[in-house]
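A.B. asks: I am attaching a structure below and will ask some questions about it afterwards.
The values are calculated or read from the model by the stated rules, or taken from the named source; none is laboratory data. Not measured: the values here are computed from a predicted model. Every residue, glycine among them, receives a Cβ derived from its backbone with ideal geometry; neighbour counts consider all protein chains shown. Surface accessibility is based on the protein's heavy atoms, side chains included, excluding ligands, DNA and RNA. Shrake-Rupley method; radii C 1.70, N 1.55, O 1.52, S 1.80 Å.
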Amino acid sequence: MLEWLLIPLAYGLGSLSSAVLVSRLFDLPDPREEGSKNPGATNVLRLGGKKAAIITLLGDALKGLIPVLIAKAVGVEPMVLGCVGLAAFIGHLFPVFFGFKGGKGVATALGILSGFAWGVGAAALATWIGVAFAFRYSSLSALVAAALAPVYVWLWAGQSPALTAVAVVMSALLFWRHKGNIERLLKGEESKIGKKG
């Protein structure tokens, strides 16, 4: 039963907002109040440049990756492993330390998927990079990668129904958190990567 304690611990780690902490460290505007008002790496890039954005990206990915790797190291069942990953993801979306107002979860999801299996993370990242290179939209890249994530989990994470189900839930939540981006994409109003504002 002690393995189930990893779930609230994963949620707590996921609740650490890298974007807010990095912005405070670099004396940048609060990403929840400026730019797109989303505490994520893309908004930090707009507000503070590449260095702050990269640190934010790594921080968000690691808080998804670390609890999953710990859970795998202690030999939990796939169901528990999936719950640990989902808890870290929910922590990012609804952080207890930051008024339950979190980011969209793209980097954290990537960390979780990489923890499930490195091949899953590599495939999701390659998808993001390919779409971003072709279309220059961070949100579109995230949406395409999210849509394909359950397929990647099934193919490279042992065809686990539990982990695949978690990937489906995370993908659905990612689409929900990107509903504003989807509307702007359809209207041709979404900001491209590298464009300020």
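A.B. asks: Of the residues that sit in segment 25-41 and are open to solvent by less than 60 Å² (accessible area, probe 1.4 Å) and without any contact (Cβ under 8 Å) to a residue 40 or more places away in the chain, which one is nearest to Val76 (Cα to Cα)?
C.D. replies: In this case the residue turns out to be Pro31.
A.B. asks: Next question, about the same structure. Given segment 91-197, what helices (runs of 4 or more DSSP H) lie entirely inside it while holding 2 or more residues that are open to solvent by 40 Å² or more (accessible area, probe 1.4 Å) and farther than 24 Å from Gly59 by Cβ?
C.D. replies: The qualifying helices (runs of 4 or more DSSP H) are 118-135, 138-156, 161-177, 179-187.
A.B. asks: Still on this model: Please find, within segment 42-57, the residue that is nearest to the chain's Cα centre (by Cα) out of those that are free of Cβ contacts under 8 Å to residues at least 40 places away in the same chain and open to solvent by 80 Å² or more (accessible area, probe 1.4 Å).
C.D. replies: The selected residue is Ile54.
A.B. asks: Of the residues Gly105, Gly111, only one is at pLDDT 95 or above, touching a His at 6+ places or on another chain (Cβ under 6 Å) and within 29 Å of Gln159 (Cα to Cα); which?
C.D. replies: Within the list Gly105, Gly111, the selection yields Gly105.
A.B. asks: Another one. Output the qualifying pairs, or none if there are none: Cβ atoms under 7 angstrom, residues six or more apart or on different chains, first residue in segment 166-185 and more than 13 Å from Ala142 (Cβ to Cβ), second residue at pLDDT 95 or above and open to solvent by 40 Å² or more (accessible area, probe 1.4 Å).
C.D. replies: From residues that are more than 13 Å from Ala142 (Cβ to Cβ), the pairs are Val166/Leu86; Val169/Leu86.
A.B. asks: Follow-up question, since we're still on this one. Of the residues Val84, Val80, Val68, Val22, which is part of a helix (DSSP H, G or I), open to solvent by less than 20 Å² (accessible area, probe 1.4 Å) and closer than 23 Å to Leu143 by Cβ?
C.D. replies: None of the other options fit; the residue is Val68.
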